[in-house]
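**Student:** Dumping the structure here so I can ask a few things about it.
No value in this document is a laboratory result; all are computed from the given coordinates. Here the structure is a predicted model, which is why all the values come from computation and not from measurement. We place every Cβ from the backbone using ideal geometry, glycine too, and count neighbours over all the protein chains shown.
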Amino acid sequence: MTEATRRDFIKQAAAGTAAFLAYPTARVLGANDRVRVAIVGAGSRGQDLLRQALEVPSLQVVAAADIYARRFDEARKIVPGIETFSDYRRVLDRKDIDGIMVASPLHLHARHFLDTLAAGKDLYSEKTLTWSIPEAEQCFAASKQSDRVIQIGLQHESEGPLADTKKWIANGMVGKVTQVESWMSRNSPHGKGQWVRPVPSDCTAQNVDWKAFVNGRPETPFDPYKFLNWRLYWMFSGGNVTENMVHQIAWIMSALDLPLPAAAFMSGGVFSEKDGREVPDTIAVTLDFPNDIVVTWQSTFSNRRYGLGQRILGSEGTIEYVATANDMVTGKSQESIRYYPEEINRSNGVAVTGESPSQNHLANWIECMGSRKAPNAPVELGYRSAVAAHMCNISYRQKRRITLEEAKVALPEF
Ligand SMILES: NC(=O)c1ccc[n+]([C@@H]2O[C@H](COP(=O)([O-])OP(=O)(O)OC[C@H]3O[C@@H](n4cnc5c(N)ncnc54)[C@H](O)[C@@H]3O)[C@@H](O)[C@H]2O)c1
């Protein structure tokens, strides 16, 4: 793609969005009303959200929009009677729907975000906020002009370990922090690539609206493998930094109240998953923050011994969050949050295990739809964590350290 075409593409990427200040369809919710919500993108994560929604009594999921026919049956198995639509705009037109949960692939987030706000609906949007920095700027700007309640699907913002961490830092138990180390590791059986999904026989051009999926990207013939495995390709994905690092970097930014990074460096490559994918499976990231803090993140797909974790290294103590053997995404792991004093400076300090309760992130969004308060993972955090993740990818692809200023003017690459 030429530079001029890429510039045009960026301008058009999230086009189709009208006035943000008009809220044509917002219902006024009474104290006993159940909030009526629709899902856009009822794939793997969308179906997780449907199951989670069943546990929130004040929430009723009434509709699902998707472009792959198979998803309608899958959604109906979870929510019998759910209405289904093959064009998400028909759901946005509905006056009896209060909120939209977006769980579409990354490259569609900006469009679904902007159109949801323009339609006057509250929004739960899966991470990462957007596929590119210009789209993140657009969505953040739109949110500032809107009074809609927007929760980003960074669910660890609602969990106990972050509350414990914030409490310990505020109490002075951690002291001056100049470094945070974090990691995320996975493995898969021989012959099975990490993230790879097999193509079912019903994944055909007749059953998938490929044009709606590619969303203005250069015309390519229907490719069922890419449609299902969009995570592996830059055209649709940001790879593991937008799939997983973003959860951890948002958590660290939130814990330490960090601004946008000043610079990023990312190295690595496609070293273990040699299946034609474009996004790296082995990654080492360094993020420099303006207030004298360096955050590192490393990731592999061929060893899971150390699971996933974050260590905040302070002059008075260390906070260690560890989720063993699995990941923050499925939640199927032994997690722990612990504090250890630095004896050299806090000889009378004691080690502590966190015990703050976790909140249901979806329920927090629904509560905020009633109270009109800001939810636990606001757009601003989605924006900061998205920019950090994209800075890493830009550095990786340009094979050099990249500053925030350089990243903001870099053209997104397919
Ligand atoms: N918060 C978390 O822990 C978490 C976990 C997993 C995934 N996610 C995020 O959820 C999102 C979806 O991931 P996934 O694994 O479910 O992907 P998926 O491919 O399984 O599901 C995406 C769905 O969107 C549909 N879709 C594609 N184009 C569409 C369009 N134009 N309109 C409506 N629907 C469309 C697809 O048909 C598919 O059913 C990603 O952004 C991912 O990062 C978040």
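**Student:** What is the projected area of the convex hull of the Cα atoms of the range 129-274, averaged over all directions, in nm²? Spell out each step's value before the answer.
**Tutor:** Working: hull surface 52.6 nm².
So the mean shadow area of the Cα hull is 13.1 nm².
**Student:** Show the residues, 5+ positions off or on another chain, whose built amide H is closer than 5 Å to the amide H of Gln359.
**Tutor:** It is Glu159, Gly160, by chain and number.
**Student:** Under 16 Å Cα to Cα from Lys211, which aspartates and glutamates show up? Leave out anything in the same chain fewer than 8 places away.
**Tutor:** Asp66, Asp87, Glu219, Asp223
**Student:** Applying 1/(1 + (r/R0)^6) with R0 = 25 Å to the Cβ-Cβ distance of Glu413 and Gln179, what FRET efficiency is obtained, to the nearest 0.05? Please report the intermediate quantities before stating the final value.
**Tutor:** Numbers: r = 31 Å, r/R0 = 1.22.
Efficiency computed from Cβ-Cβ geometry: 0.25.
**Student:** In whole Hz and in residue order, list the ³J(HN,Hα) couplings for the range 184-201 that follow from phi through the Karplus curve 6.51 cos²θ - 1.76 cosθ + 1.60, θ = phi - 60°; x for Gly and Pro.
**Tutor:** These are the phi-based 3J(HN,Hα) values: 8, 9, 9, 8, 9, x, 3, x, 10, x, 4, 6, 6, 10, x, 8, x, 5 Hz.
**Student:** Let me ask another. Determine the dipole magnitude for the chain: charges of +1 sit on the beta-carbon of Lys and Arg, -1 on that of Asp and Glu, nothing else is charged, the reference point is the Cα centre, and the result goes in debye to the nearest 20.
**Tutor:** That gives the chain a dipole magnitude of about 480 debye.
**Student:** Determine the alpha carbon to alpha carbon distance for each of Lys127/Lys373; Lys167/Lys373; Lys127/Lys192; Lys274/Lys399; Lys127/Lys166; Lys226/Lys274 and list only those over 24 Å. Walk me through the numbers before you get to the answer.
**Tutor:** Working: Lys127/Lys373 20 Å; Lys167/Lys373 22 Å; Lys127/Lys192 26 Å; Lys274/Lys399 20 Å; Lys127/Lys166 22 Å; Lys226/Lys274 16 Å.
Beyond 24 Å between Cα atoms: Lys127/Lys192.
**Student:** At a 10 angstrom cut-off on C-beta neighbours, averaged per residue, how do the peptides 102-112, 267-277 rank from highest to lowest? Show your work: numbers first, answer last.
**Tutor:** Numbers: 102-112: 24.5, 267-277: 14.9.
By packing density, highest mean first, the sequence is 102-112, 267-277.
**Student:** If I take R0 = 41 Å and measure r between the Cβ atoms of Asn345 and Gln145 in this structure, what FRET efficiency does the formula 1/(1 + (r/R0)^6) give, to the nearest 0.05?
**Tutor:** Numbers: r = 47 Å, r/R0 = 1.14.
The computed FRET efficiency comes out at 0.30.
**Student:** Between Ala374 and Val196, what is 0.36 nm times their sequence separation minus the Cα-Cα distance? Round to one decimal in nm.
**Tutor:** Working: separation 178, 0.36 × 178 = 64.08 nm, distance 3.63 nm.
Full-extension gain reported as 60.4 nm.
**Student:** So for the pair Glu406, Arg89, with labels modelled 7 Å out along Cα→Cβ, what separation do we get in nm?
**Tutor:** The two pseudo-label positions are separated by 4.0 nm.
**Student:** Any idea what angle helix 133-144 forms with the longest principal axis of the chain, computed on alpha-carbon atoms, 0 to 90 degrees, nearest 10?
**Tutor:** Tilt of helix 133-144: around 80 degrees.
**Student:** Here is a follow-up. Taking the Cα centre as origin and putting +1 on Lys and Arg beta-carbons and -1 on Asp and Glu beta-carbons, what dipole magnitude results for the range 212-366, to the nearest 20 debye? Don't skip to the answer; put the middle values down first.
**Tutor:** Numbers: 11 positive and 17 negative charges, 78 e Å.
Here the size comes out at about 380 debye.
**Student:** In nm, to one decimal, how far is the modelled label at Asn187 from the one at Lys399, with both set 7 Å along Cα→Cβ?
**Tutor:** 3.2
**Student:** OK, next. ³J(HN,Hα) across the range 241-254 via Karplus (A = 6.51, B = -1.76, C = 1.60, θ = phi - 60°), whole Hz, x for Gly/Pro?
**Tutor:** 6, 8, 7, 10, 4, 4, 4, 6, 5, 5, 4, 5, 4, 5
**Student:** In addition: List every residue whose amide H lies under 5 Å from the amide H of Phe85, counting only residues 5 or more places away in sequence or on a different chain, with H placed 1.01 Å from N in the peptide plane.
**Tutor:** The list, which skips near neighbours in sequence, is Ala64, Ala65, Asp66.
**Student:** In whole angstrom, note down how far apart the Cα centers of the range 286-328 and the range 37-109 are.
**Tutor:** So the two Cα centres are separated by 34 Å.
**Student:** State the Cα centre-to-centre distance between the range 225-245 and the range 359-414 in whole Å.
**Tutor:** Using only Cα atoms, the two centres lie 16 Å from each other.
**Student:** Still on this structure: ³J(HN,Hα) across the range 405-414 via Karplus (A = 6.51, B = -1.76, C = 1.60, θ = phi - 60°), whole Hz, x for Gly/Pro?
**Tutor:** Per-residue couplings from phi come out as 4, 5, 5, 5, 9, 6, 7, x, 10, 8 Hz.
**Student:** Now, a different point. Obtain the nm distance between the two label points defined at Thr204 and Asn171 by a simple spin-label model: each point lies 7 Å from its Cα along the Cα-to-C-beta direction.
**Tutor:** Those two pseudo-labels are separated by 6.3 nm.
**Student:** Then there's this: How far is helix 361-371 tilted off the main Cα axis of the chain, in degrees rounded to 10, range 0 to 90?
**Tutor:** So the helix axis and the longest Cα principal axis differ by about 70 degrees.
**Student:** Helix 109-118 sits at what angle to the longest principal axis of the chain, using alpha carbons and giving 0 to 90 degrees rounded to 10?
**Tutor:** Roughly 70 degrees, rounded to the nearest 10.
**Student:** So what is the 222 nm mean residue ellipticity for the chain from helices alone, if each DSSP H run of at least 4 adds -39500 (n - 2.57) and you divide by all residues, rounding to the nearest 500 deg cm²/dmol?
**Tutor:** After summing the helix terms and dividing by the residues of the chain, the value is -9000 deg cm²/dmol.
**Student:** Which of the trypsin sites (Lys or Arg not before Pro) across the range 147-182 are loop residues per DSSP, with 14 or fewer other Cβ within 10 Å? Spell out each step's value before the answer.
**Tutor:** On the way: sites: Arg148, Lys166, Lys167, Lys176; in loops: Arg148, Lys176.
Here the trypsin sites (Lys or Arg not before Pro) that fit, given the DSSP loop and packing criteria, are Lys176.
**Student:** Here's something else I'd like to know. Taking amide H positions as placed 1.01 Å from N in the peptide plane, with prolines and chain starts having none, which residues 5 or more places from Thr318, or on another chain, fall under 5 Å of its amide H?
**Tutor:** Tyr340, Glu342
**Student:** Over the residues of the range 316-414, compute the C-alpha Rg and express it relative to 2.2 N^0.38 Å.
**Tutor:** Working: Rg = 19.4 Å, N = 99, 2.2 N^0.38 = 12.6 Å.
Relative to the rule-of-thumb radius for its length, the range 316-414 sits at 1.54.
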